[in-house]
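Here the structure comes first, spelled out in structure tokens, and everything after it is commentary.
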């Protein structure tokens, strides 16, 4: 039987990793905005946006109800698009990203976790949604 709650089973690991990444990205973006904003405002604002997206994904997966799972799936999708676009942009215009941010260089400053995590999140949330649909149709 498939899991029907995104925060159970392997989803607990994803929730934990998203939570840690949310804290790390939030802390780093706050520091960069407060201390170095003039150096790369776009990069630091995008990093803060990434932190908010990680928080939304974490809470959505942890709650695990139908609407929270949809919101988490949307957050993971936006995250994937963001890390791909910002990652490519940071190589194309390196002067806009003088310091590492969560999505710059495809998350290299975070061990490429920001590139891999949304793929795993989308896969897991779709699996949970399919399991939930099969469970409710079997009832």
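Nothing in this text is a laboratory measurement; each read-out follows from the coordinates by a stated rule. Computed from a predicted model, the values in this text were never measured in an experiment. Here Cβ is always computed from backbone atoms with ideal geometry, including for glycine, and neighbour counts include all displayed protein chains.
Structure values in brief
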{"read-out": "Order of 8, 105 - criterion: other Cβ atoms within 10 Å of each residue's Cβ, fewest first", "value": "8, 105"}
{"read-out": "Contour excess over end-to-end distance, with Cα ends at residue 38 and residue 65 and 0.36 nm allotted per residue", "value": "5.6 nm"}
{"read-out": "Gaussian network model of the chain, springs between alpha carbon atoms under 10 Å - residue of 19, 82, 111 with greatest fluctuation", "value": "111"}
{"read-out": "Three-way shape label, region 92-134, alpha-carbon gyration tensor, a/c 1.5", "value": "prolate"}
{"read-out": "Separation of the residue 96 and residue 31 label points, Cα + 7 Å toward Cβ, nm", "value": "2.4 nm"}
{"read-out": "Angle in degrees between helix 66-92 and the longest Cα principal axis of the chain, rounded to the nearest 10", "value": "30 degrees"}
{"read-out": "Rounded tilt (10° steps) of 41-63 against the dominant C-alpha axis of the chain", "value": "20 degrees"}
{"read-out": "Prolate/oblate/rounded call for region 74-117, Cα gyration tensor, a/c under 1.5 rounded", "value": "oblate"}
{"read-out": "Cα→Cβ-extended label distance, 7 Å offset, between residue 77 and residue 126, nm", "value": "1.1 nm"}
{"read-out": "For region 43-90 versus region 8-41, the gap between their alpha-carbon centres in whole angstrom", "value": "11 Å"}
{"read-out": "Listed residues 58, 77, 101, most fluctuating in the chain (Gaussian network, C-alpha, under 10 Å)", "value": "77"}
{"read-out": "Rel. contact order, % - alpha carbon contacts under 8 angstrom, at least six apart, the chain", "value": "30 percent"}
{"read-out": "Using alpha-carbon coordinates, inclination of helix 10-36 to the longest axis of the chain, degrees", "value": "20 degrees"}
{"read-out": "Residue-averaged 222 nm ellipticity for the chain, from DSSP H runs of 4+ at -39500 (n - 2.57), nearest 500", "value": "-26500 deg cm²/dmol"}
